[in-house]
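Okay, so here's the structure we're looking at.
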Amino acid sequence: MADLRDMELIAALARNKHFARAAEECGISQPAFSARIRNLETTLGVPMVKRGNRFLGFTPEGEIVLKWARRLILDADGMRQEVQAAKGALVGRLSIGAVPTALTFAADVPGQVHLAHPGLSIRLLSMSSTDIIRGIEDFTLDAGITYLDDGALGSLKSMPLYDEKYVLLVPPALAPRQEGTATWREAADLPLCLLTSNMRNRQIIDEIFAGVGAAPQPVMETNAFVAALTQVANGTLATIAPALLADSLPIAEGSVRLRLTEPDAARSIGLVMAERDPQPPALRAFADIVGAMSR
């Protein structure tokens, strides 16, 4: 019957997508690695790996095995954490995904976690909201910081952290006024640089514009706010950014920042996790710290 070591080999193959590299990561020879995979396929009675001259991916049955392998590995790690916590030491590593607009908040989390639990480390990844949900569901992520209004959350456990609000960043020569507020309709009339349409932040902005009957045509699209800020600094284009993110970015001297109104739009950002019982101690501690930071 398959054991935890077999599950670790399957997970390593998914990460590396290469038999030799996966075997090296696991500390065994490639022939031994391949033999264990074939033995597991024989035990389960299904082919798990598409084979050619190189690794070609998993079969549908292999994807099922991979999902359960990742869950079993996480549960085993959670058990080890529980045992160590009972001895007074919380150790482990968490993989956390965050949407780009929440990175300012998320980047403060690892330091706070380290202060409270030096044996706990955080791997923080910038990801789309869709990839975060997928990562939690397939157990490649422990948790995510993302939009809570996303209909794809399904049965995931969520905890609100803060409301994302929006500001217009604009060169002085293009600004409708030099301080105060601007309406979304006024913003729609400006030459804009916005995030690409596959990103949730852009989808939210488009929804707000549609709600006021505006349909701006961005001059430029990007997947990085730094590129949008460069356009503002050059005096060529305006952009719309979450207020919290705008507070942390190096906005060019002289650029105008106007709070967007009519409507005063906001979207909830929160922590999302899979429903797990028992919940690993490291994840419980992480959730407690993140929750305290948001208050």
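The values are calculated or read from the model by the stated rules, or taken from the named source; none is laboratory data. Values in this document were obtained by computation on a predicted structure and should not be read as measured data. Neighbour counts run over all protein chains shown; Cβ positions are idealised from the backbone, glycine included.
Out of segment 7-23, which residues are over 14 Å from Arg51 (Cα atoms) and in contact (Cβ under 8 Å) with a residue 40 or more places away in the chain?
The answer is Met7, Glu8, Ile10, Ala11.
If you check Val109 against the conditions, is it surrounded by fewer than 16 Cβ atoms within 10 Å (Cβ to Cβ) and either in contact (Cβ under 8 Å) with a residue 12 or more places away in the chain or of a type in the set (Val, Ile, Thr) (or both)?
no
Quick one: count up the residues across segment 213-240 that are touching a Phe, Trp or Tyr at 6+ places or on another chain (Cβ under 8 Å) and surrounded by 15 or more Cβ atoms within 10 Å (Cβ to Cβ).
So the answer is 4.
What about Ala76, is it touching a residue at least 60 places away in the same chain (Cβ under 8 Å) and among the small types (Gly, Ala, Ser)?
yes
Modelled with pLDDT of 90 or more, crowded, with 17+ Cβ neighbours inside 10 Å and among the small types (Gly, Ala, Ser): does that describe Ala210?
When the stated conditions are applied, Ala210 does not pass them.
Of the residues that make up segment 14-25, is at least one surrounded by fewer than 16 Cβ atoms within 10 Å (Cβ to Cβ), under 30 Å from Pro278 (Cα atoms) and either more than 24 Å from the chain's Cα centre (by Cα) or of a type in the set (S, T, N, Q) (or both)?
No.
Taking segment 79-104 only, how many residues are loosely packed, with under 15 Cβ neighbours inside 10 Å and under 29 Å from Thr130 (Cβ atoms)?
1
Check segment 81-97 and report whether any residue there is part of a strand (DSSP E or B), at pLDDT below 90 and more than 27 Å from Arg257 (Cβ to Cβ).
Yes, there is a match, as at least one residue in segment 81-97 is part of a strand (DSSP E or B), at pLDDT below 90 and more than 27 Å from Arg257 (Cβ to Cβ).
What are the residues in segment 40-52 that are exposed (fewer than 15 other Cβ atoms within 10 Å of the Cβ), without any contact (Cβ under 8 Å) to a residue 24 or more places away in the chain and in a helix (DSSP H, G or I), if any?
Thr42
Being within 30 Å of Gly254 (Cβ to Cβ), crowded, with 20+ Cβ neighbours inside 10 Å, among the hydroxyl-bearing types (Ser, Thr, Tyr) and touching a residue at least 40 places away in the same chain (Cβ under 8 Å), is that true of even one residue in segment 136-159?
no
Would you be able to say whether some residue in segment 180-192 is surrounded by fewer than 14 Cβ atoms within 10 Å (Cβ to Cβ), in a loop (DSSP other than H, G, I, E, B) and touching a Leu at 6+ places or on another chain (Cβ under 8 Å)?
yes
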